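**Student:** I have a structure I would like to understand better, so I am pasting it below and will then ask my questions one at a time.
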Amino acid sequence: MKPSIGFWLTTLGFDAYWTLAIIGRERVLPWLLLGAGLAMILTPGRQRKWVLLAAFLGITMDTLWCYFGVFTFTGQLGVPLWMYALWLTFSCWWYGLLVRLRFTISVAALLGAVSGPLAYIIGWQLNAMTPQITPTLMILILSLGWAIYLPAISWPILCRRIP
């Protein structure tokens with residue numbers, strides 16, 4: 001299916017939201033929470049459980065990486081509230097992507113392996129987080145985690161399409 005103008009506007013909106021979250025963090029937390037709430041409201045009701053589960057798994061992944069010393073969020077002991085909002089909004093956006101575009105589990109794994117670590121690298125460069133191990137090892141761990149996470153959360157939706 002060809003993405004509509006609404007899809008591209010939503011994607012640009014999510015990119016702006018992501019940038020605001022990484023640069024503004026706690027200073028813009030009320031706006032991030034408002035955006036996450038709006039994203040949930042705009043998500044179809046029957047898919048909200050899936051979105052909440054996807055966000056929960058993402059937050060859990062970040063929590064484990066912090067706990068095991070892969071990285072820390074700047075000025076935080078664990079996962080900050082602004083990341084909770086970002087995970088929720090990402091999950092809403094990802095659901096919208098999955099229902100509009102057709103791709104396979106292997107494409108989801110490749111997207112995760114590349115785009116997940118890239119987001120953290122940019123966050124590191126913008127001082128939102130700091131590696132606690134060598135950057136190369138951190139990137140490899142993030143790549144593996146995202147290569148598992150993205151197909152795992154995508155599986156229920158992508159499987160509905162199999163004839």
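The values are calculated or read from the model by the stated rules, or taken from the named source; none is laboratory data. Nothing here was measured: the structure is a model prediction, and the numbers come from that model. No Cβ is skipped: glycine too gets one built from the backbone with ideal geometry, and neighbour counts run over all protein chains shown.
**Student:** Provide a single number: the residues in the stretch 57-83 that are among the small types (G, A, S), in contact with a helix residue (DSSP H, G or I) (Cβ under 7 Å, 6 or more places away or on another chain) and loosely packed, with under 15 Cβ neighbours inside 10 Å.
**Tutor:** Filtering the stretch 57-83 down to residues among the small types (G, A, S) leaves 58, 69, 75, 78.
Subsequent filtering for residues that are in contact with a helix residue (DSSP H, G or I) (Cβ under 7 Å, 6 or more places away or on another chain) retains 58, 78.
Imposing the further condition that a residue be loosely packed, with under 15 Cβ neighbours inside 10 Å reduces the set to 78.
Qualifying residue count for the region: 1.
**Student:** Can you tell me which of (1) surrounded by 15 or more Cβ atoms within 10 Å (Cβ to Cβ); (2) touching a residue at least 24 places away in the same chain (Cβ under 8 Å) is the one Q132 doesn't meet?
**Tutor:** (1)
**Student:** Being among the hydroxyl-bearing types (S, T, Y) and surrounded by 16 or more Cβ atoms within 10 Å (Cβ to Cβ) is the filter here, so list the residues in the stretch 1-47 that pass it.
**Tutor:** Scanning the stretch 1-47 gives T10, Y17, T43.
**Student:** Looking at this structure, is T89 over 12 Å from the mean Cα position of the chain (by Cα) and either under 19 Å from L57 (Cα atoms) or hydroxyl-bearing (S, T, Y) (or both)?
**Tutor:** No, not satisfied.
**Student:** Working carefully through the options A119, A108, find the one that is surrounded by 18 or more Cβ atoms within 10 Å (Cβ to Cβ), of a type in the set (G, A, S) and within 30 Å of L137 (Cβ to Cβ).
**Tutor:** Step by step, each of A119, A108 is checked, and only A108 is surrounded by 18 or more Cβ atoms within 10 Å (Cβ to Cβ), of a type in the set (G, A, S) and within 30 Å of L137 (Cβ to Cβ).
**Student:** Among the candidates L53, L142, L86, single out the residue that is part of a helix (DSSP H, G or I), surrounded by fewer than 21 Cβ atoms within 10 Å (Cβ to Cβ) and touching a residue at least 40 places away in the same chain (Cβ under 8 Å).
**Tutor:** Unique residue meeting the criteria: L53.
**Student:** Another question, if that's okay. Hey, can you tell me all the residues within the stretch 148-163 that are of a type in the set (G, A, S) and buried (at least 20 other Cβ atoms within 10 Å of the Cβ)? Please lay out each step first, then the result.
**Tutor:** Initial filter on the stretch 148-163 (of a type in the set (G, A, S)): 152, 154.
Once the filter is applied, which keeps residues that are of a type in the set (G, A, S) and buried (at least 20 other Cβ atoms within 10 Å of the Cβ), the stretch 148-163 yields only S154.
**Student:** Now for a different question. What number goes with the only condition from (1) outside any helix (DSSP H, G or I); (2) under 26 Å from L38 (Cα atoms); (3) at pLDDT 95 or above; (4) not polar (S, T, N, Q) that I133 does not pass?
**Tutor:** Result: I133 passes all but (2).
**Student:** Quick one: is V107 without any contact (Cβ under 8 Å) to a residue 24 or more places away in the chain, farther than 16 Å from G58 by Cα and in a helix (DSSP H, G or I)?
**Tutor:** Yes; evaluated as a whole, the condition is true for this residue.
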